[in-house]
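I have placed the structure first, in the form of structure tokens, so that the comments after it can refer back to it.
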Amino acid sequence: MVFKLENVIPWGRSMKEYVKMFNLTPEELKLNILDCAGGPASFNAEMTLQGYKVISCDPIYQFTADEISKRIEDTYETVVEGVKANQEYYIWQDIQSPEQMGAIRMAAMQQFLADFPIGIIEKRYIKDELPILPFVTNQFDLALCSHLLFTYSDNFLEAFHLSSILEMCRVAKEVRVFPLLNISGETSPWLNPVINELKKQGYSVEIKKVPYEFQKNGNQMLRVNSDR
């Protein structure tokens with residue numbers, strides 16, 4: 001059995017996980033950061049509390065906190081049970097069980113939900129989505145995209161991946177995407193074609209190992225530098 005999802009689900013991670021997934025240094029946390037497809041992650045909320053600057057964008061932000069909470073409740077058991085049925089595809093080190101994973105993710109999402117209403121007012125949460133963003137060219141120092149591109153390779157074609165990364169390159173000086181595996185734990189079929197096209201267009205592209213691994217072999221991010 002291989003874990004699959006038919007649609008993109010609301011599922012959030014913590015600032016601690018973001019730091020590891022994207023190999024963020026203390027200096028990089030001070031940058032002007034865009035979190036693309038941020039969903040119900042607590043990264044924005046935690047960063048804001050510590051005085052850092054993050055804008056998150058995701059189509060789910062068109063909904064109220066209560067509506068997002070209901071969506072999380074509707075998918076929570078599906079994810080936990082899916083992971084439980086496919087435990088051999090995960091590394092049980094920092095997270096020691098599917099139940100603990102669920103508790104950790106829920107804590108992050110609850111922190112997001114508490115922050116979301118004020119974050120909307122402060123324009124830290126923007127209800128736009130890839131591959132078209134409402135930001136000006138080079139508005140950000142760094143754009144991050146967690147668990148959308150490559151993760152949902154069955155849902156989005158190569159063209160969507162390429163146009164999304166190019167759009168993030170337009171609005172940010174550097175782009176980082178994690179992970180490079182799809183939900184089933186295989187390297188995305190779109191990874192190499194996208195890398196080749198980015199290089200053709202003159203971008204500096206590298207695959208970089210990061211200090212985070214939950215999916216087996218899911219310890220790499222794509223790093224794209226838009227300074228051409």
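Restricting attention to region 63-100, the residues being assigned to a helix (DSSP H, G or I), more than 15 Å from Ser42 (Cβ to Cβ) and not hydroxyl-bearing (Ser, Thr, Tyr) number 18.
Looking at region 49-71, can you tell me whether even one residue there is in contact (Cβ under 8 Å) with a residue 60 or more places away in the chain and more than 29 Å from Leu31 (Cβ to Cβ)? Yes, because at least one residue in region 49-71 is in contact (Cβ under 8 Å) with a residue 60 or more places away in the chain and more than 29 Å from Leu31 (Cβ to Cβ).
Working only within region 28-62, note down all residues that are among the hydrophobic types (A, V, I, L, M, F, W, C), crowded, with 16+ Cβ neighbours inside 10 Å and assigned to a helix (DSSP H, G or I). Step through it out loud before you land on a result.
Here is the first cut: in region 28-62, the ones among the hydrophobic types (A, V, I, L, M, F, W, C) are 29, 31, 33-34, 36-37, 41, 43, 45, 47, 49, 54-55, 57, 60.
Of the ones still in play, those that are also crowded, with 16+ Cβ neighbours inside 10 Å are 29, 31, 33-34, 36-37, 41, 43, 45, 47, 54-55, 57, 60.
Of everything in region 28-62, those that are among the hydrophobic types (A, V, I, L, M, F, W, C), crowded, with 16+ Cβ neighbours inside 10 Å and assigned to a helix (DSSP H, G or I) turn out to be Leu29, Phe43, Ala45, Met47, Ile60.
Within region 53-60, is even one residue under 12 Å from the mean Cα position of the chain (by Cα) and among the charged types (D, E, K, R)? For region 53-60, residues under 12 Å from the mean Cα position of the chain (by Cα) and among the charged types (D, E, K, R): present.
Out of Met15, Met21, which single residue is crowded, with 20+ Cβ neighbours inside 10 Å and farther than 19 Å from Gly119 by Cβ? Break it down stepwise before answering.
Working: Met15 fails: farther than 19 Å from Gly119 by Cβ.
Exactly one of Met15, Met21 is crowded, with 20+ Cβ neighbours inside 10 Å and farther than 19 Å from Gly119 by Cβ, namely Met21.
For Gln110, work out the one condition from (1) modelled with pLDDT of 90 or more; (2) open to solvent by less than 90 Å² (accessible area, probe 1.4 Å); (3) assigned to a helix (DSSP H, G or I) it doesn't fulfil. Just one mismatch for Gln110, condition (2).
Across region 118-144, the number of residues qualifying as open to solvent by 70 Å² or more (accessible area, probe 1.4 Å) and closer than 19 Å to Thr64 by Cβ comes to 6. Just checking, does region 120-139 include any residue being more than 22 Å from Asn182 (Cβ to Cβ), touching a helix residue (DSSP H, G or I) at 6+ places or on another chain (Cβ under 8 Å), touching a residue at least 40 places away in the same chain (Cβ under 8 Å) and assigned to a helix (DSSP H, G or I)? Yes, there is a match, as at least one residue in region 120-139 is more than 22 Å from Asn182 (Cβ to Cβ), touching a helix residue (DSSP H, G or I) at 6+ places or on another chain (Cβ under 8 Å), touching a residue at least 40 places away in the same chain (Cβ under 8 Å) and assigned to a helix (DSSP H, G or I).
All told, Arg105 falls short of being part of a loop (DSSP other than H, G, I, E, B), within 21 Å of Lys216 (Cα to Cα) and open to solvent by less than 50 Å² (accessible area, probe 1.4 Å). Residues of region 81-97 that are over 16 Å from Gly185 (Cα atoms) and either open to solvent by less than 70 Å² (accessible area, probe 1.4 Å) or touching a Lys or Arg at 6+ places or on another chain (Cβ under 9 Å) (or both): Asp94, Ile95, Ser97.
The values are calculated or read from the model by the stated rules, or taken from the named source; none is laboratory data. Please read these numbers as outputs of a predicted model, since none were measured by experiment. All Cβ positions, glycine included, derive from the backbone under ideal geometry; neighbour counts span all protein chains shown. What goes into the accessible areas is simple: the full protein's heavy atoms, side chains included, and nothing from ligands, DNA or RNA. Shrake-Rupley method; radii C 1.70, N 1.55, O 1.52, S 1.80 Å.
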